[in-house]
Amino acid sequence: MTRTLMAFMFSFLAISLPCNAEQLIGEVRLAGTISQTRMQPAIQAMQAHPEMNGLLYQQMRAGEIISNFASMGSASQPIDLAVLPTPDSGVFLANEGHLRELPTGLNADPGADWRSEVITLFFDPSVIVMRKGLASPSDQPQDRMELVRFLEKHAKRLEERVGLVNIGLDRQSYAYAAQDQLRSPIFWQLAQAFGRLNARIYGSNAELVQAIGEGEIDLAYNVPLSEVAFANQDDLVVLLPKDYIISLPWVIVAPSKTDNPLLLNVLSDLQSQVSQKRFPNRRFWQFFEDDKIPQTQKVKIGPELLVFLDPLKKNRILDTWFQMVTNQ
């Protein structure tokens with residue numbers, strides 16, 4: 001479907017939506033976890049359309065976006081639309097009645113949208129990342145079991161030279177971990193292997209990839225491919241595990257109280273940028289086309305994702321993970 005036709009459909013749907021009298025004409029507020037700098041090309045492309053020159057973007061943590069939506073319009077700076085790397089957060093907001101419906105049907109993947117309120121933008125696979133020169137192509141691990149053996153084989157060399165993100169702090173990393181441990185017990189073997197090597201623990205995936213790029217560490221696991229693509233560093237090697245690749249959807253959501261008619265234009269434009277392989281950036285699509293890699297497992301959006309947000313279950317996963325990666 002062309003962007004023109006998409007925009008026409010969304011404009012037709014938006015006719016009946018009243019504009020908030022307190023909001024400036026042409027102003028629409030978009031929030032996301034992506035930094036201002038990295039989001040700038042997408043924002044500039046949308047602002048090129050006359051009706052979108054009032055588009056405002058704000059970087060926020062996922063938890064801040066959830067709190068903003070839960071305030072039901074009472075926030076000092078209410079959001080009209082948000083892009084989240086964690087589909088479970090979207091399902092949580094929908095389940096609590098904090099979201100409004102958005103147009104669906106533009107994503108061909110079954111389970112990619114939920115209740116017309118949580119809309120998939122693109123799928124982000126988790127990968128293994130290592131520095132060039134760490135291993136010859138024939139020695140590079142091809143799956144998780146081989147990665148366990150690789151860490152054991154090169155234990156002396158990799159002592160304090162491997163890294164992970166703290167899944168207790170980073171929602172996206174926790175979502176990957178929850179899906180990973182669900183699929184294979186090797187996830188826990190890897191956690192133990194990283195613990196024996198005194199793995200360095202980082203607060204975010206951006207810090208993790210930066211550490212590899214700066215030579216602080218040599219290898220990292222369960223790294224979002226989008227983060228590697230944003231880093232744009234040629235000295236990194238991306239390994240796609242052949243046993244399975246967890247591909248987590250980034251989602252678009254809108255709060256139930258928003259009545260901004262331009263939010264549909266933003267949704268249309270972002271989806272168009274994805275279909276043209278311009279968002280999150282072109283390097284991302286050069287790395288990975290999931291329809292050509294059979295071991296890709298796309299995480300479906302639905303209420304089953306809330307299981308891993310249950311405090312008891314989440315605490316068990318976190319406690320076990322921390323004990324293993326800290327070698328306690």
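Bear in mind these aren't lab numbers, they're just calculated from the coordinates by the rules spelled out. Nothing here was measured: the structure is a model prediction, and the numbers come from that model. Please note: Cβ atoms are built from the backbone with ideal geometry, for glycine as well, and neighbour counts cover all protein chains shown.
For this structure, a couple of remarks:
- Pairs linking a residue in segment 222-246 that is within 18 Å of Val162 (Cα to Cα) to a residue that is of a type in the set (Phe, Trp, Tyr) and crowded, with 19+ Cβ neighbours inside 10 Å, with Cβ atoms under 6 Å and 6 or more positions apart or on different chains, are Asn222/Tyr176; Leu225/Phe288.
- Within segment 238-259, the set of residues being out of contact with any Lys or Arg (no Cβ under 8 Å at 6 or more places or on another chain) and not basic (Lys, Arg) comprises Val238, Leu239, Leu240, Ile245, Leu248, Trp250, Val251, Ile252, Val253, Asp259.
- All of Val165, Val209 fail the test of being within 22 Å of Thr86 (Cα to Cα), touching a Phe, Trp or Tyr at 6+ places or on another chain (Cβ under 6 Å) and touching a residue at least 40 places away in the same chain (Cβ under 8 Å), apart from Val165.
- The residues of segment 168-193 that are touching a residue at least 60 places away in the same chain (Cβ under 8 Å), farther than 18 Å from Ser226 by Cα and among the aromatic types (Phe, Trp, Tyr) amount to a single one, Trp188.
- In segment 139-148, the residues that are surrounded by fewer than 17 Cβ atoms within 10 Å (Cβ to Cβ) and in contact with a helix residue (DSSP H, G or I) (Cβ under 9 Å, 6 or more places away or on another chain): Asp139, Gln140, Met145
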